[in-house]
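Written out below as structure tokens is the structure these notes cover.
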Amino acid sequence: MSMDHTITAPLVRGLCINAIGQSRVVIPGDVEEVPSQALIVDLASAWGDAAPDEERAAKIFHEAYTAWEFELSPAGVEAATQKIIPKKQPTCVAVKFGESTEALYWIDQDLDEAQKRRAAKNAGPVDSYTPSEYEVKRIGTAADRSAVVKDKIALVTGGAQGFGEEIVRALAASGALVFIADLNFAGAQALANQLNALEKRTAAIPVAVDVSDEASVEAMFRTVAETTGGLDLCISNAGIVKAGSVLDQDLQAFNLVTGINYTGYFLMVKQCARMLRRQYWTAPAWKTDIIQINSKSGLEGSNKNGAYAGGKFGSIGLTASFALELVDYNIKVNAICPGNFFDGPLWSDPEKGLFVQYLKTGKVPGARTVADVKAFYAAKVPMKRGCTGADVMRAIYYIVEQEYETGQAIPVTGGQVMLH
């Protein structure tokens, strides 16, 4: 038998979340020495030769936790005199197959604290109080909506630049730990270094990914499992545009756009949902979110830009379909359809930006300069400006906070596209 962190780490994370109703970071440790206070779980009966039985493994985790907590809980006079008996949260979990310890996990509220606990080999259980119904509602309706992502673990694809960078910066500032996933690993690394220094904590972690390559996406989620144990929020933002008339665009360009914008979204959800389902097996009340950054072009089409609009239209169909399936695991799936982000590289890059592309392809009649193209598009927006990162973040916070909605495509277009 062999241990796979992509399976066991999310199960451990879910177990700890379930115990106290709060996000937790789970990191692997050295299996050579199991602390006496560790929660020990034997998964031998759930690990078959072909594939592990994840539901059976989750049941074993819960049974082991219940027995472990019972042993540590007060009894007799001590229990009778306590008005509220706190939940016991394990800070170290050992996963065994019979007599062989296959994995050891350390748990704490954030990555820095988990690393300190591992270094100190401090496996002492922590007393925690599950948030009351009143506390949960108060947090969920906070005036500062960004509080809904505080202490949670997020991942943003295409996070090194453009909308992705804006989202990463806002999540880090709101107290989340963010994986910056990008094909441009150097850019992700530079942004992570900047944010970690700014926040004075580990606020961001760079990870390389090509969202159109399944092996690359799978490897990325393996890195997540081995680094934090799992996720609470996944934002599929990576995308590209290659404008062109259907009369002239070659198949290679069409497939490139579709492979990233449409197929890439499918691959992201496939691998992410497997991780989130494992957390669900041990934390069935914990809600998680997958959000695609779509486009207004996914709601109304885009002249001489069919590959892009087609992929975005299709992704809204995927979003609704994934939502129907994954709701069984408390995973919400929604899309945000922003208007034009004029200030980002997608539009404003002097060589490859959409303003330049649209000028060259003659998409805007009579336009002779990039400024003409920009003015043409700004005039189409009732609010007379492009969409910003802050506009998109308000929608993200809303989606995470709104527990009673899934499968939606939410326009953030300044009134340019309205729902019917």
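A short reminder: the numbers here are calculations on the coordinates, not readings from a lab. What you see is a predicted model; the values in this text were computed from it and never measured. Ideal geometry is used to build each Cβ from the backbone, glycine not excepted, and the neighbour counts take in all protein chains shown.
Taken one residue at a time, the phi angles of the range 238-254 give Karplus couplings (6.51, -1.76, 1.60, θ = phi - 60°) of 4, x, 9, 10, 10, 5, x, 5, 4, 6, 10, 5, 7, 4, 4, 5, 4 Hz. Gly and Pro are set to x.
Could you tell me the relative contact order of the chain? Use alpha-carbon pairs under 8 Å, at least six residues apart, and round to a whole percent.
Working: 820 pairs, mean separation 67.0, N = 420.
Reported as a whole number, the value is 16 percent.
Can you say what percent of the DSSP beta bridges in the chain, counting only those with both residues inside, are antiparallel? Round to 5.
Expressed as a percentage, antiparallel bridges in the chain total about 30.
Working from Cα positions, state the angle (0 to 90°, nearest 10) between the long axis of helix 185-199 and the longest principal axis of the chain. The angle comes out at about 60 degrees.
Ranked for footprinting exposure by Cβ neighbours inside 10 Å, fewest first, 127, 112, 391 give 127, 112, 391.
Over the range 300-420, the Kirkwood radius and the radius of gyration, each from Cα atoms, give a ratio Rg/Rh of 1.03.
From most to least packed by mean Cβ count within 10 Å, the peptides 150-160, 186-196, 375-385 give 150-160, 186-196, 375-385.
Only counting other Cβ atoms within 10 Å, I'd like 45, 174 sorted with the fewest neighbours first. Let's see the in-between values first.
Numbers: 45 12, 174 22.
Taking fewest neighbouring Cβ atoms as first place, the list is 45, 174.
Karplus-derived 3J(HN,Hα) values for the range 375-386, using 6.51 cos²θ - 1.76 cosθ + 1.60 with θ = phi - 60°, are 4, 4, 6, 5, 5, 6, 8, x, 8, 6, 7, x Hz; glycine and proline are entered as x.
Mean projection of the alpha-carbon convex hull of the range 294-365 over all orientations, in nm²? Kindly include the intermediate steps, with their values, before the conclusion.
Numbers: hull surface 22.3 nm².
If you wrap the Cα atoms of the range 294-365 in a convex hull and average its projections, you get 5.6 nm².
Against the chain, whose longest principal axis is taken from its Cα atoms, helix 5-20 shows a tilt of about 70°. Once the chain from residue 51 to residue 186 is taken as fully extended at 0.36 nm per residue, the excess over their C-alpha distance is 44.9 nm.
So what is the 222 nm mean residue ellipticity for the chain from helices alone, if each DSSP H run of at least 4 adds -39500 (n - 2.57) and you divide by all residues, rounding to the nearest 500 deg cm²/dmol? List each step's numbers first, then the result.
Numbers: 16 runs with 186 residues, N = 420.
When only DSSP H runs of four or more count, the value is -13500 deg cm²/dmol.
Structure shown: which of 352/374; 88/150; 152/384; 312/363; 296/360 lie over 24 Å apart, alpha-carbon to alpha-carbon? Mind showing how you got there, number by number?
Working: 352/374 15 Å; 88/150 22 Å; 152/384 35 Å; 312/363 19 Å; 296/360 22 Å.
Beyond 24 Å: 152/384.
On a 0 to 90 degree scale, rounded to 10, what angle separates helix 54-72 from the longest Cα axis of the chain? Between the helix axis and the principal axis of the chain, the angle is about 50 degrees. In the range 5-130 the Cα-Cα distances spread across 5 Å bins starting at 0 as 2, 11, 21, 24, 20, 12, 7, 3, 1, 0, 0 percent of all pairs. Amide hydrogen proximity for residue 229: with H placed 1.01 Å from N in the peptide plane, the residues at 5 or more positions away or on another chain lying under 5 Å are 26. Here the Karplus relation 6.51 cos²θ - 1.76 cosθ + 1.60, evaluated at θ = phi - 60°, turns the backbone of the range 301-318 into coupling constants of x, 8, 4, 6, 8, x, 4, 5, 4, x, x, 6, 4, x, 5, 5, x, 4 Hz, with x for every Gly and Pro.
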